């Protein structure tokens, strides 16, 4: 389980370099993963979408290509502030509403959103089943949740690449970019504690989502899960 206050302080501290690290760590693939996640969450255009654990709003912007209005929620105010100029440059300031809040207690009424996304954030929750139930509560019947996250690969090639690149090199890259080694050591540690893809699919089903499935990317180290609110 994650200590919410510790995780929040960590993300507050790395906000300035967060996007640069993601681009380096993903070999430049992170934007395409976000676009794919948004298209899975909203196969057709919708009115209102939620992007939780939004960070600087990169996935929120991808979702805004498929939703008239997007709420970008994150518990780190510096992350939300950091993303403001980029959203303004894209002409999205009026369509993406940034809100500081907790995924475990979403500050929205039942059945508010047509779709929801969370990118690289679910594994940081202290109570993943509760977070999934909150998504289910705030989605309209038939609304989709799409979860993009890092997972432990199950194939031999993926495990080897993950062990060398992700567990050993990525904390050093994050340290070089941000000057904070402990923050980026947290990253592989959080993946080790995270549910594997099948366990997460089962957790989504238990939270009330139907037609749950997932797709693996990047040698099995990235997964996009999705399900439909019943």
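Here are some notes:
- Odd one out for residue 156, checked against (1) at pLDDT 95 or above; (2) more than 20 Å from residue 75 (Cα to Cα): (1)
- Unmet criterion (only one of (1) surrounded by 15 or more Cβ atoms within 10 Å (Cβ to Cβ); (2) in contact with a helix residue (DSSP H, G or I) (Cβ under 9 Å, 6 or more places away or on another chain); (3) modelled with pLDDT under 80; (4) in a helix (DSSP H, G or I)) for residue 161: (2)
- Residue in region 8-25 that is part of a helix (DSSP H, G or I) and at pLDDT 95 or above present: no
- Across region 95-126, the number of residues qualifying as at pLDDT 95 or above and either surrounded by fewer than 13 Cβ atoms within 10 Å (Cβ to Cβ) or over 21 Å from residue 31 (Cβ atoms) (or both) comes to 17.
- Filter pass, residue 87 being at pLDDT below 90 and either farther than 22 Å from residue 213 by Cα or surrounded by fewer than 23 Cβ atoms within 10 Å (Cβ to Cβ) (or both): no
- Hey, residue 48 crowded, with 24+ Cβ neighbours inside 10 Å and outside any loop (DSSP other than H, G, I, E, B) or not: no
- Every residue from region 64-93 that is in contact with a strand residue (DSSP E or B) (Cβ under 7 Å, 6 or more places away or on another chain) and within 22 Å of residue 125 (Cα to Cα): 70, 71, 72, 73, 74, 75, 77, 80
The values are calculated or read from the model by the stated rules, or taken from the named source; none is laboratory data. On a predicted model such as this, the values are computed, not experimentally measured, just so you know. All Cβ positions, glycine included, derive from the backbone under ideal geometry; neighbour counts span all protein chains shown.
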